[in-house]
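The values are calculated or read from the model by the stated rules, or taken from the named source; none is laboratory data. The shown structure was predicted, so the numbers you read here are calculated from the model rather than taken from an experiment. Reconstructed Cβ throughout: ideal geometry from the backbone, glycine too, with neighbour counts over all protein chains shown.
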Amino acid sequence: MSVPIFRAQSWAFAFLFIGVLLSRDISHASPHVVGYERFHVDSPNAAGGAILFSELGCANCHGGSDVAVPRSGPSLNDISDRVSRDWVVEFLKDPESRRKGSTMPNLAHGLSDEEVESVTNYLGTLGKGLKLRPGRHANAENGSALYHEKGCVACHAPTADYRGPAGSGESLTSPLAISHPDLKKKTTLTALDYFLSNPARYRTDGRMPHIALDKQESLDIAAHLLDFQASDPREADAHKAWPKAGEPSVQKGKSLVAKLNCIACHAIPGKKADTLISLSAPPEKDAGHCLSASPTAGIPSYKLTEAQRSALVAFLKDDQPKEPGSREDLSLAAMNCYACHDRNGIGGPTINTNPFFHGLESLGDSGRLPPPLTGIGDKLQTEWLEGVLTGKPKNRVRPYMKTSMPAYAKHAKVLADWFVKEDLKTDSPPITIRPDDIEVGKKLLGIQGGVNCITCHNWGEQKSLGIPALDISSLDQRLRPHWFREYLLNPASYRPGTLMPPLWPQGKSMVPDVLDGNAERQIAAIWGFIKEGEGKPEGFPDHMPGQFELTPIVRPIIQRTFLEKTGTKAILVGFPGEIHLAYDGSKGRPALVWRGKFFDAYNTWFVRSAPFENPLSDDVYEFEASSEESGRFRGYKTDGKGNPTFLISKEGQDIEDSFRVAEKTLIRTLTWKPGEAPTVTHPKGVSIEEKKDQASVTFTYSWK
């Protein structure tokens, strides 16, 4: 790839920068670049300077970035429909005043207030106009849970008042956290919901990644970030329309935007960036350069620290041009991939963020922490890796992890090709499949004389016999054969602390009576069955999924079981109409409600040490937790139609909690005596209508 490279070649240029460095006033806040702050702030060097050169936008004007995915500012399309005009004006005058640590340089320091107004007036003409409609229901509490579990806090700080299972947002802070602007001043609930549903519309460089959220999730997170506590988004403040500006002011702003070369970083329809500016010669005077302490009008002003300036000097003195992405860690540091993943012992969650990664505890850290990127281009087939980075649902193989892998659809191919170029081994011993050994692979995968893979791993829709680790039936579509072989021979070499046991320690088989104990043939046989075999490994129960599915048709079905997020005394109620309930008998409170299929009772009925089950649906809504002590559960009764009423005693008060389904809604009626109405919690993410009576209250839960 041919890329224009401009580097400082003279000592005169270096001395000029050092002189500026020593004279700089460091009292100002500096731009915050996570990849630099985490790995290079204590020892300024060319690598740290390369990250700054990319992430501060220097490369957009001068070329020569070593980062694979170019950094750009957000698209300015439709900004007048998404962002407050007053906020934009103040941001242009001083970016740091609107967002702490902003990487946007001050371009308006030489402009008058009237000129800033003209620039703003021009920006208000960009785009075709958005017609955003508010959602029907918002739940800030659910948004807080999502924000702290989906992965947002890998980059951003936890909310100060958050109280989660791993600690509070007040005590678990991170100096690397990317700050939010004052969102209440910047935007509205509806506009923020629109942005979070697909950040790539406006943040095309992937620094704000696209985490897959459904419409309700993006709205709930927006409600949390804006501290919107009402349930009806139509009650939120509406966006204030920008005033229509006169044409002379708009044209003046357009001219200023062109003069300042804003297009170098921001996508503006119909505009192209200026020619790259060479840095091969020093500026004529100190005040004429954007790294100067006091740049002249029209020159970007960066409030850099001494360390940041030293790093940039080191990078600019480096006269070894390299292709984009050729420095292995720079792109990952620049895009903050290291916030979640480690690669070759670098990065991964910090001590501050680690507690906010949640998943399946029975899998240990493998069930909650993202996998390492070490050798990822050698591990995953290129097409599969590109699908992961694109965000294809079928390429997400760890459903037990609450932290979501973001999508980088625009850059997926570039990143996938880069990983493959960096990692792919061409001299690894191959796997040779022998057709006669394929059926042996079926035995080896199973529990009847095999190595017990299905004890932990799912096989397609067939759940494992124990902990539900990832599905291994499609490994041939994901993994490269030689990596699979190397991993089975020594799993801990890839992920220290993994629960995956060494089944061929030092290359010796633990089942010597199969294929003469030949480790290479056994591994090849397993791969061969995964790739070409028919059926499933030996040892699964004789029932198929759904064979013992409970389906309420005429009357509700009530079933006791062990259920995740409910406990060992879960009482499940399946209603005709595909709305179902889980009641926690140990705490005397409803725990879950879900829509769709009800429950598969096989394990509950036939497995002696039955595992904790889950509903037969992903459309699950958890009831909010209560800070008050639960009452004593006294059982339940049913009416003539089979609808349950749960009986609770609490502090001398008798409470009856009744549930039924009608017209695609769940209707809940509480009655009590004597005294005041008891405290009630509701499922997160549903619409709630309330109707009170003297000693009863009815709630209608619905989905719109």
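Within the range 683-697, one or more residues are of a type in the set (Asp, Glu), more than 16 Å from Arg634 (Cβ to Cβ), assigned by TED's automatic domain parsing to the domain that holds Lys587 and in a strand (DSSP E or B).
Residues in the range 192-207 that are within 19 Å of Cys337 (Cα to Cα) and either without any contact (Cβ under 8 Å) to a residue 12 or more places away in the chain or of a type in the set (Asp, Glu) (or both): Pro199, Asp205.
Residues in the range 558-613 that are assigned to a loop (DSSP other than H, G, I, E, B), small (Gly, Ala, Ser), free of Cβ contacts under 8 Å to residues at least 40 places away in the same chain and at negative phi: how many? Looking only at that region, the number is 1. For the range 95-106, the criterion of a residue being in contact with a helix residue (DSSP H, G or I) (Cβ under 8 Å, 6 or more places away or on another chain), surrounded by 23 or more Cβ atoms within 10 Å (Cβ to Cβ), in contact (Cβ under 8 Å) with a residue 24 or more places away in the chain and on the phi < 0 side of the Ramachandran plot is satisfied by no position.
Go through Gly246, Gly253 for me and flag whichever is of a type outside the set (A, V, I, L, M) and crowded, with 17+ Cβ neighbours inside 10 Å.
Being of a type outside the set (A, V, I, L, M) and crowded, with 17+ Cβ neighbours inside 10 Å holds for just one of Gly246, Gly253, which is Gly253.
When every residue of the range 130-142 is checked against the conditions, none turns out to be over 28 Å from the mean Cα position of the chain (by Cα) and part of a loop (DSSP other than H, G, I, E, B). Any idea which residue in the range 434-456 is farthest from Leu488 (Cα to Cα), counting only those that are in a helix (DSSP H, G or I) and either without any contact (Cβ under 8 Å) to a residue 40 or more places away in the chain or of a type in the set (Gly, Ala, Ser) (or both)? Across the range 434-456, the extreme among qualifying residues is Asp436.
In this structure, is Leu183 surrounded by fewer than 20 Cβ atoms within 10 Å (Cβ to Cβ), at pLDDT 95 or above and within 30 Å of Val67 (Cβ to Cβ)? Can you show your working first?
Details: surrounded by fewer than 20 Cβ atoms within 10 Å (Cβ to Cβ): yes; at pLDDT 95 or above: yes; within 30 Å of Val67 (Cβ to Cβ): yes.
It is true that Leu183 is surrounded by fewer than 20 Cβ atoms within 10 Å (Cβ to Cβ), at pLDDT 95 or above and within 30 Å of Val67 (Cβ to Cβ).
Of note, Arg203 does not satisfy the criterion of being touching a Ser or Thr at 6+ places or on another chain (Cβ under 7 Å), surrounded by fewer than 19 Cβ atoms within 10 Å (Cβ to Cβ) and outside any helix (DSSP H, G or I). If you go through the range 210-217 one residue at a time, do you hit one that is farther than 26 Å from Leu369 by Cβ and either modelled with pLDDT under 90 or under 18 Å from the mean Cα position of the chain (by Cα) (or both)? For the range 210-217, residues farther than 26 Å from Leu369 by Cβ and either modelled with pLDDT under 90 or under 18 Å from the mean Cα position of the chain (by Cα) (or both): present.
I'm trying to understand the selection: among the residues of the range 508-532, which are outside any helix (DSSP H, G or I) and either outside the structural domain of His482 (by TED's automatic domain parsing) or buried (at least 19 other Cβ atoms within 10 Å of the Cβ) (or both)? Let's see the steps before the verdict.
So in the range 508-532, the residues outside any helix (DSSP H, G or I) come out as 508-514, 518.
Selection gives Ser509, Val514.
Assigned to a loop (DSSP other than H, G, I, E, B), at pLDDT 80 or above and surrounded by 19 or more Cβ atoms within 10 Å (Cβ to Cβ): does that describe Leu304? Lay out the reasoning, then the answer.
Values: assigned to a loop (DSSP other than H, G, I, E, B): yes; at pLDDT 80 or above: yes; surrounded by 19 or more Cβ atoms within 10 Å (Cβ to Cβ): yes.
So Leu304 fits the description; yes.
Restricting the range 41-57 to residues that are in a helix (DSSP H, G or I) and surrounded by fewer than 24 Cβ atoms within 10 Å (Cβ to Cβ) leaves a set whose member that is farthest from the chain's Cα centre (by Cα) is Ala46. Take Asp86 and tell me if it is within 28 Å of Thr296 (Cα to Cα) and assigned to a helix (DSSP H, G or I). The answer is yes for Asp86. Restricting Ile376, Ile438 to residues that are over 30 Å from Tyr147 (Cβ atoms), of a type in the set (Val, Ile, Thr), out of contact with any Pro (no Cβ under 8 Å at 6 or more places or on another chain) and buried (at least 19 other Cβ atoms within 10 Å of the Cβ) narrows the list to Ile438.
The requirement of being under 24 Å from Leu373 (Cβ atoms), of a type outside the set (D, E, K, R), at pLDDT 90 or above and not assigned by TED's automatic domain parsing to the domain that holds Asn614 is not satisfied by Pro502. Among the residues making up the range 607-646, those that are hydrophobic (A, V, I, L, M, F, W, C) and surrounded by fewer than 18 Cβ atoms within 10 Å (Cβ to Cβ) are Val607, Ala610, Phe612, Ala625.
What number of residues within the range 226-263 are outside any helix (DSSP H, G or I) and in contact with a Leu (Cβ under 8 Å, 6 or more places away or on another chain)? Walk me through how you get there before you give the answer.
Step one: filter the range 226-263 for residues outside any helix (DSSP H, G or I), giving 226-232, 236-246, 260-261.
Filter once more, keeping what is in contact with a Leu (Cβ under 8 Å, 6 or more places away or on another chain): 226, 228, 236-237, 239, 260.
The total comes to 6.
Using the structure shown, decide if His266 is touching an Asp or Glu at 6+ places or on another chain (Cβ under 8 Å) and assigned to a loop (DSSP other than H, G, I, E, B). Criteria not met by His266.
Checked against the criterion of being among the polar types (S, T, N, Q) and within 22 Å of Leu76 (Cβ to Cβ), the candidates Ser231, Ser197 yield just one match: Ser197.
Please verify whether Asn60 is touching a strand residue (DSSP E or B) at 6+ places or on another chain (Cβ under 6 Å), surrounded by 18 or more Cβ atoms within 10 Å (Cβ to Cβ) and within 17 Å of Ala258 (Cα to Cα), treating the condition exactly as stated. No: the conditions fail for Asn60.
Looking only at residues of the range 133-166 that are surrounded by fewer than 18 Cβ atoms within 10 Å (Cβ to Cβ) and in contact with a Gly (Cβ under 9 Å, 6 or more places away or on another chain), we find that the one that is modelled with the lowest pLDDT is Arg163.
Spot the failing condition for Ile431; the list is (1) assigned to a helix (DSSP H, G or I); (2) surrounded by 18 or more Cβ atoms within 10 Å (Cβ to Cβ); (3) more than 29 Å from the chain's Cα centre (by Cα), and only one is missed. Result: Ile431 passes all but (1).
Checking the structure you have, find out if any residue of the range 633-652 is under 30 Å from Gly135 (Cα atoms) and at pLDDT 90 or above. No, the conditions are met nowhere in the range 633-652.
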